[in-house]
Amino acid sequence: MTHAGIVTVAGKPNAGKSTLLNRIVGEKLAIVSSKPQSTRDRVVGIRTTADVQMVIYDTPGLLNPRYALQRAMRSSAVEALDDADVILHVVDATEGTVMDLQEAAGLERRPSAPVILVLNKVDALDAAAVERLRAEHPQAHLISAVTGKGVDALLQEAAQHLPESPFLYPEDEISTQTLRFFVAEMIRETALEQLQDEVPYSVACEVEEYREDRSPVYIRAVIYVERDSQKGILIGAKGQRLRDIGRQARLKIESFTDTSVYLDLWVKVLPNWRRHEASLKRFGYRLPETPAT
Ligand SMILES: Nc1nc2c(ncn2[C@@H]2O[C@H](COP(=O)(O)OP(=O)(O)OP(=O)(O)O)[C@@H](O)[C@H]2O)c(=O)[nH]1
Ligand SMILES: [Mg+2]
């Protein structure tokens with residue numbers, strides 16, 4: 001009999017959730033950045049072995065929302081907690097304090113699924129610090145999402161919480177999201193890498209046209225920002241920065257899709273889109289049913 005179910009990866013911004021999802025699936029599905037709040041909606045990865053299928057939800061970091069986009073991010077994460085058969089609570093072990101998920105995320109009630117505590121980034125700690133964590137949190141899994149250390153043991157424990165079930169997806173599937181979604185995310189990630197301060201939070205990306213019938217594959221995409229000044233920063237002197245972003249994003253897309261791609265990349269201003277529900281919907285962010293508190 002096979003086992004299958006939902007494994008939700010949750011925790012604070014920048015804890016390494018997306019890095020862990022990519023490690024588990026063995027493919028770079030979720031964008032990773034050193035800037036917090038890089039994941040905005042649930043990213044679904046699928047891992048199938050001989051008798052276990054895990055549907056893994058990577059979620060936005062749980063934080064106190066201040067504007068509409070953050071409300072959408074939080075509700076996406078909280079929904080994914082409700083759907084879970086088992087939750088991996090990822091904590092950045094280099095930060096010192098380890099809170100329980102309910103407290104760290106400000107949840108009103110304890111999630112109903114079992115929670116496994118995952119202390120990540122142990123590669124960045126010295127042996128004494130690792131020993132101390134082990135003594136303080138004997139039930140936790142100490143891992144490094146970057147090196148893969150401890151991840152197999154973690155997956156073995158997670159699998160034990162999945163119900164008996166036929167597989168939910170074909171065995172060779174690694175995600176439920178569309179290519180368009182991944183392309184938009186790869187462009188957004190590339191833009192994040194090039195930007196400082198507040199600008200990254202103002203960036204959204206939309207794929208307007210995707211022509212697989214052409215060779216190279218033709219993709220027209222728009223990077224949206226909130227202000228004219230940000231548009232200037234993204235385009236750069238004589239358009240150099242936008243060309244750099246376009247070239248690097250194209251390389252990522254080509255390696256992900258295994259085809260050659262012509263990326264036609266534009267920048268547009270959509271004033272204050274992060275605060276407008278209509279704009280959020282347009283970019284595919286899900287809105288909470290009732291305003292979150
Ligand atoms: N040293 C070390 N760094 C890590 C590890 N896992 C993640 N990081 C780094 O931590 C930063 C954040 O990683 P992400 O995977 O984007 O974190 P996240 O939890 O998905 O962040 P949000 O989506 O913004 O909530 C990146 O710079 C990663 O390279 C790890 O095991 N060791
Ligand atoms: Mg993330």
Problem set entry | Among the candidates LEU63, LEU101, residue that is more than 15 Å from ligand 2 (Cβ to nearest atom), at pLDDT below 95 and touching a Pro at 6+ places or on another chain (Cβ under 8 Å) | LEU101
For this session: Take the residues in the stretch 40-60 that are near ligand 2 (Cβ under 10 Å from one of its atoms) and farther than 23 Å from LEU162 by Cβ, then tell me which one is surrounded by the fewest Cβ atoms within 10 Å (Cβ to Cβ).
Result: ARG40
Problem set entry | Matching residues in the stretch 19-43 - criterion: being in contact with a Ser or Thr (Cβ under 6 Å, 6 or more places away or on another chain) and closer than 23 Å to SER112 by Cα | ASP41, ARG42
For this session: Pairs only if they're at least six apart or on different chains, beta carbon under 6 angstrom, first in the stretch 27-46 and closer than 16 Å to ALA77 by Cβ and polar (S, T, N, Q), second in a loop (DSSP other than H, G, I, E, B) and more than 11 Å from ligand 1 (Cβ to nearest atom); list them, first residue then second.
Result: none
Problem set entry | Residue that is nearest to ALA145 (Cα to Cα) [pool: residues in the stretch 18-32 that are among the small types (Gly, Ala, Ser) and near ligand 2 (Cβ under 8 Å from one of its atoms)] | SER18
Problem set entry | Per-region count, the stretch 25-39, residues touching a helix residue (DSSP H, G or I) at 6+ places or on another chain (Cβ under 7 Å) and more than 8 Å from ligand 1 (Cβ to nearest atom) | 2
Problem set entry | Residue check for PRO65: within 12 Å of ligand 1 (Cβ to nearest atom) and over 18 Å from LYS252 (Cβ atoms) | no
Problem set entry | Qualifying position, being surrounded by 24 or more Cβ atoms within 10 Å (Cβ to Cβ), modelled with pLDDT of 95 or more and more than 16 Å from ligand 2 (Cβ to nearest atom), among ALA15, ALA93 | ALA93
Exercise. Does any residue of the stretch 268-279 turn out to be in a strand (DSSP E or B) and within 21 Å of LYS28 (Cβ to Cβ)?
Worked result: no
Exercise. Restricting the search to the stretch 164-205, which residues are closer than 30 Å to THR48 by Cα, assigned to a helix (DSSP H, G or I) and not hydroxyl-bearing (Ser, Thr, Tyr)?
Worked result: LEU179, ARG180, PHE181, PHE182, VAL183, ALA184, GLU185, MET186, ILE187, ARG188, GLU189
For this session: Scan (1) without any contact (Cβ under 8 Å) to a residue 60 or more places away in the chain; (2) surrounded by fewer than 16 Cβ atoms within 10 Å (Cβ to Cβ); (3) touching a strand residue (DSSP E or B) at 6+ places or on another chain (Cβ under 8 Å); (4) closer than 30 Å to VAL55 by Cα for the single condition LEU251 breaks and write down its number.
Result: (3)
For this session: For the stretch 40-62, name all the residues that are of a type in the set (Asp, Glu), within 13 Å of ligand 1 (Cβ to nearest atom) and in contact with a strand residue (DSSP E or B) (Cβ under 7 Å, 6 or more places away or on another chain).
Result: ASP58
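The values are calculated or read from the model by the stated rules, or taken from the named source; none is laboratory data. What you see is a predicted model; the values in this text were computed from it and never measured. All Cβ positions, even for glycine, are placed from backbone atoms using ideal geometry, and neighbour counts span all protein chains on display.
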